[in-house]
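The values are calculated or read from the model by the stated rules, or taken from the named source; none is laboratory data. Just so we're clear, the structure is a prediction, and the values are computed from it rather than from any experiment. Methodologically, a virtual Cβ is constructed for each residue, glycine included, from the backbone with ideal geometry; neighbour enumeration extends over all protein chains shown.
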Amino acid sequence: MLTLCLLQTSCNKNKEIEPNPNPINQVILSQLATNYQQLPEEQISRSIDNSVFAQYAMPTEKYGHGILGDKIEAEQLVVVVDSTFYEYRLPSDYVFEDIRPRLYDVDGDNELEFITIRTNIYQGAGIVIYKIINDQLVEYASLPEIGLGNRWLNIVTINDLDNDGVVELVWIQTPHIGGILKATEIKAGTLQVLDEEVIQYSNHAIGERNLCLSTLTKQLNQKVFYVPNQNRNKIVGFTLTNNKFDLYEEILQAVDFSKTLETQYAFSNILEGEEDNCIAE
């Protein structure tokens, strides 16, 4: 599994930014900051081997949802792979309603893909995965939008949750309204919805930039992910088995939505790299 580290947030000790960074990397970071108009958060994702970088750019206020604390979203995805820059600009009726791209090898080819929350200003949020194909940054797989403007989703985890060799992606649709937990498998360039739980869950509070309200762990031979319930008084753990969610455990604990979930409970065996797949200011 290829993991990533997010600049300007803390990483675990074995993945800290090197004290004497490669000057080539510093040049790339400088170019991303000076040659592109970044979002206010100025967040750049990068791979642990410092060969892949990604950020959102071209701020816009054309979509006034403001779910992440301001009405500024992005029109452009910029990635750098082995010092080559790639750009993807959205059509006029879309924005990236997100803070930074996520990096993950979703198809097992040892190359990182770029997972985004892309929103249609009339149809709400969806999920789109971008990939470098034939030296072009292109759309690889997508999840349709929710179907109504001013409706959003937040990603929970990206991983091969059932150990079958196929990567799954879990998210919470409308975490502020109903909070439906959903899962899809990423296979042959498609996102096929597997299961959903309509009981109310949430991994985001309106106006917060904290997207880290989920945790993925390994318990014996199972991968267990945890999310809060919408009442914020319980943490619920799930496995994915035979394409279905199975309840693993419920933890009675109040959750502060301004803080990362893993700092609020002593989870055991958090999977390496998962703490870097979110952002919290």
Can you find even one residue in segment 90-101 that is exposed (fewer than 15 other Cβ atoms within 10 Å of the Cβ) and either in contact with a Lys or Arg (Cβ under 6 Å, 6 or more places away or on another chain) or modelled with pLDDT under 95 (or both)? no
Looking for whichever is in a strand (DSSP E or B) and surrounded by 17 or more Cβ atoms within 10 Å (Cβ to Cβ) here; the options are Leu216, Leu247, Leu211. Which one fits? Leu216
Taking strands (runs of 3 or more DSSP E) that do not extend beyond segment 81-139, which have at least 1 residues that are among the β-branched types (Val, Ile, Thr) and under 28 Å from Gly165 (Cβ atoms)? 113-120, 124-133
Give the residue that is surrounded by the fewest Cβ atoms within 10 Å (Cβ to Cβ), with candidates limited to residues of segment 106-136 that are aliphatic (A, V, I, L, M) and either without any contact (Cβ under 8 Å) to a residue 12 or more places away in the chain or within 17 Å of Asn150 (Cα to Cα) (or both). Ile133
For segment 153-183: of the residues being more than 14 Å from the chain's Cα centre (by Cα) and polar (S, T, N, Q), which is modelled with the highest pLDDT? Thr174
Return the residues of segment 27-76 that are among the aliphatic types (A, V, I, L, M), part of a strand (DSSP E or B) and closer than 12 Å to Leu103 by Cβ; say none if nothing qualifies. Val52, Ala54
Quick check: anything in segment 203-216 among the hydroxyl-bearing types (Ser, Thr, Tyr) and either farther than 27 Å from Gly64 by Cα or in contact with an Asp or Glu (Cβ under 6 Å, 6 or more places away or on another chain) (or both)? yes
